[in-house]
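Below is one structure, written out as structure tokens, with a few remarks after it.
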Amino acid sequence: MDIKWSYYLVVIIYVLVLGLRLTNMMSTRRFKNQYKEYKTVFSIKKDFFTTVSTACIVTTIAINVAALIGGRPINKDSIIITLLVIGFTIINSCYTIIFTEATTSVCWLGYELKQGDLEDVKIKEGHLKTTVNMTLTREIDSYNYAKLVVFGKNKKALETVLEDLKVKKVTE
């Protein structure tokens, strides 16, 4: 396969990711207009793209180390493709979560999560970050599970809101 097809595939992925991102931004703007008082946290979504980026980085390093050991020039195309993959991963995976404490509502990926939209939430706090594992009751962008790494001063408030969004299990 010619290397140009790899570039074509990356360009197609960029178009799709940018289109999805623009759609999500319009929904986020509606959420901001609806709720004038909101808080935000920065988040990174760990998904298929982050896995592909990690694999690309490891493979590129292995290819170029092997080339250098074998006395061959480094593979520039692998480095360029890897940088492009990292670029669309950043576009796809880095975003701001917007939430309100008053109405317990969260805007995530352009979707508004309300009471009963979360089946389960597991929160693991770190020193600088918080990892949130969410199981949703419906699919959002083809996922009903999300792993997020959350940063920012409002992450404690977000944890409280997410706990309130969980489906309340009735015990008999």
When (1) at positive phi; (2) out of contact with any Ser or Thr (no Cβ under 8 Å at 6 or more places or on another chain); (3) loosely packed, with under 14 Cβ neighbours inside 10 Å are applied to Gly116, the one that fails is (2)
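Within the stretch 44-57, can one find any residue that is over 15 Å from the mean Cα position of the chain (by Cα) and surrounded by 14 or more Cβ atoms within 10 Å (Cβ to Cβ)? Outline the logic, then answer.
Step one: list which residues in the stretch 44-57 are over 15 Å from the mean Cα position of the chain (by Cα), which gives 55-57.
Next, from what is left, pick out any that are surrounded by 14 or more Cβ atoms within 10 Å (Cβ to Cβ): 56-57.
Among the residues of the stretch 44-57, at least one is over 15 Å from the mean Cα position of the chain (by Cα) and surrounded by 14 or more Cβ atoms within 10 Å (Cβ to Cβ), which makes the answer yes.
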Within the stretch 68-105, the residues that are over 19 Å from Lys156 (Cα atoms), part of a loop (DSSP other than H, G, I, E, B) and among the small types (Gly, Ala, Ser) are Gly70, Gly71
Pairs with Cβ under 6 Å, 6+ apart, first in the stretch 1-29 and touching a residue at least 60 places away in the same chain (Cβ under 8 Å), second part of a loop (DSSP other than H, G, I, E, B) | Asn24/Leu109; Asn24/Gly110; Ser27/Gly110; Thr28/Gly110
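I'm trying to understand the selection: among the residues of the stretch 119-137, which are at pLDDT below 85 and either open to solvent by 50 Å² or more (accessible area, probe 1.4 Å) or under 17 Å from the mean Cα position of the chain (by Cα) (or both)? Don't jump to the end; show me each part of the working.
Initial filter on the stretch 119-137 (at pLDDT below 85): 126-128.
Answer for the stretch 119-137, where residues must be at pLDDT below 85 and either open to solvent by 50 Å² or more (accessible area, probe 1.4 Å) or under 17 Å from the mean Cα position of the chain (by Cα) (or both): His127, Leu128.
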When you go through (1) of a type in the set (Ser, Thr, Tyr); (2) open to solvent by 30 Å² or more (accessible area, probe 1.4 Å); (3) closer than 30 Å to Lys4 by Cβ one by one for Thr82, which number turns out not to apply?
-> (2)
Return the pairs, sorted by first residue and then second, in which the second residue is outside any helix (DSSP H, G or I) and of a type outside the set (Gly, Ala, Ser), the first residue lies in the stretch 41-70 and is closer than 18 Å to Tyr14 by Cβ, the beta carbons are less than 6 Å apart, and the residues are 6+ apart or on different chains.
-> Lys45/Leu148
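The values are calculated or read from the model by the stated rules, or taken from the named source; none is laboratory data. On a predicted model such as this, the values are computed, not experimentally measured, just so you know. Methodologically, a virtual Cβ is constructed for each residue, glycine included, from the backbone with ideal geometry; neighbour enumeration extends over all protein chains shown. Just the protein is used for accessible areas: all its heavy atoms, side chains included, with ligands, DNA and RNA removed. Shrake-Rupley method; radii C 1.70, N 1.55, O 1.52, S 1.80 Å.
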